[in-house]
1. Among the candidates K67, K95, single out the residue that is assigned to a loop (DSSP other than H, G, I, E, B), basic (K, R) and more than 17 Å from K28 (Cβ to Cβ).
2. Just to be sure I understand the filter: pairs with C-beta atoms under 6 Å, separated by 6 or more residues or on different chains, first member in the stretch 103-116 and part of a loop (DSSP other than H, G, I, E, B), second member surrounded by fewer than 14 Cβ atoms within 10 Å (Cβ to Cβ). Which pairs pass?
3. In the list F124, F69, which residue meets the criterion of being surrounded by 15 or more Cβ atoms within 10 Å (Cβ to Cβ), among the aromatic types (F, W, Y) and without any contact (Cβ under 8 Å) to a residue 60 or more places away in the chain?
4. Against the definition (in a strand (DSSP E or B) and within 19 Å of P34 (Cα to Cα)), how does T83 come out, yes or no?
5. Could you grab me the full set of residues in the stretch 33-53 that are in contact (Cβ under 8 Å) with a residue 24 or more places away in the chain, closer than 13 Å to N114 by Cα and touching a strand residue (DSSP E or B) at 6+ places or on another chain (Cβ under 6 Å)?
Amino acid sequence: MKRLMIVVAAVMLWTGTAVAQHSHGSMKGPNGGPMQDVAGVHAELVVAGNVVTINILDEGNKPASAKGFSGSVLIVSGANRETVQLSPAGDSALKGEAKSPVAAGATVTLVLKNAAGKSGQVKF
């Protein structure tokens, strides 16, 4: 039993560091949305009504190419949950449309995969 617990702890430690992302906390992106590091880029969340936009930015917070990127967001507001697939929108953004307007204070979890196949997940 002790051996199993050591293996489980080692796996959790290894996978935890593999998916850890740097948080910008209250840092705002150039379009006024919250920003997080994920999959090797900065991702800025901008919500307008039921439209969710993820702006892809480089380390200098300048627009970066979203070519080859894919992703989805899970929007959670109270007991309501909705997964929205994101598709390319312009050169440096991914966009998706929820069934209804995104409520203020909703939790949005982004799963993003870059062109090189690196993926990550962050919560806004």
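Every number here is computed from the coordinates shown, using simple stated rules; none is lab data. Keep in mind it's a predicted model, so treat the numbers as computed, not measured. Reconstructed Cβ throughout: ideal geometry from the backbone, glycine too, with neighbour counts over all protein chains shown.
1. K67
2. Short answer, once both residue conditions are applied: A115/G68.
3. F69
4. No; evaluated as a whole, the condition is false for this residue.
5. V38, A39, V41, A43
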